[in-house]
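The values are calculated or read from the model by the stated rules, or taken from the named source; none is laboratory data. What you see is a predicted model, and the numbers here were worked out from it, not measured in a lab. Positions of Cβ are generated from backbone atoms using ideal geometry, with glycine treated the same way; all protein chains shown enter the neighbour counts. Remember, those area values only see protein heavy atoms, side chains included, never the ligands or the DNA or RNA. Shrake-Rupley method; radii C 1.70, N 1.55, O 1.52, S 1.80 Å.
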Amino acid sequence: MPKKVLSHGEFVPLKKIAEDLEMEKVLSGVVPGKEVWPILTLAMNFVTRPRALTHIQSWYEGTILSEDHPDLPLSSQSLSRLLSRIGEG
């Protein structure tokens, strides 16, 4: 019996687009490396199922992204700080 079911299919094209456009490399030139996947995760959430910042963590835990990039700082507080730094930069 499966331990948990993760949403996978909807992320295949998004991950491929991010890979083809070298988004990790591009974002790494603009923000610290530890912020790249939280930003990409927010973008993918916005494209697939937009949620309030307080619900991003639980949404993320039900996706394949949580297996690919475990332990991202996705609390509403850390995301608010991240978005604030981006807005100020």
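Here are some notes:
- For mean projected area of the Cα convex hull in nm², calculated from these coordinates, the label among [x] 9.6; [y] 6.1; [z] 15.0: [y]
- Sum of side-chain charges, residue 37 neighbourhood, beta-carbon under 9 Å (Lys, Arg +1; Asp, Glu -1): -2
- Proximal lysines relative to residue 15, as straight alpha-carbon distance under 16 Å, when same-chain residues fewer than 8 apart are discounted: 25
- Heavy-atom surface analysis with a 1.4 Å probe gives the chain a carbon and sulfur content of 60 percent of its accessible area.
- Local charge for residue 12 was computed over the other residues whose Cβ lies under 14 Å away, with Lys and Arg +1 and Asp and Glu -1, and equals -3.
- Annotation: amide H of residue 63 within the under-5 Å range of 7, sequence separation 5 or more or interchain, hydrogens built in the peptide plane.
- Each residue was assigned an accessible area with a 1.4 Å probe, and for residue 58 the value is about 70 Å².
- Taking other residues whose beta carbon is less than 13 angstrom from the beta carbon of residue 65, and scoring Lys, Arg as +1 and Asp, Glu as -1, yields -3.
- Surface accessible to a 1.4 Å probe, per residue, for the residues of the range 1-85, Å²: 65
- For the range 13-29, 3J(HN,Hα) per residue [Karplus equation, 6.51 cos²θ - 1.76 cosθ + 1.60, θ = phi - 60°, Hz, x = Gly/Pro]: x, 5, 5, 5, 4, 4, 5, 4, 8, 6, 4, 4, 5, 4, 5, 5, x
- Distances between every pair of Cα atoms in the range 23-73, grouped in 10 Å steps from 0 to the bin holding the largest one, split as 24, 56, 19 percent.
- Computed from point charges on the beta carbon alone (+1 for Lys and Arg, -1 for Asp and Glu), the dipole magnitude for the chain about its Cα centre is near 260 Debye.
- For the chain, averaging the sequence separation of C-alpha pairs within contact (under 8 Å, six or more residues apart) and dividing by the residue count gives a relative contact order of 33 percent.
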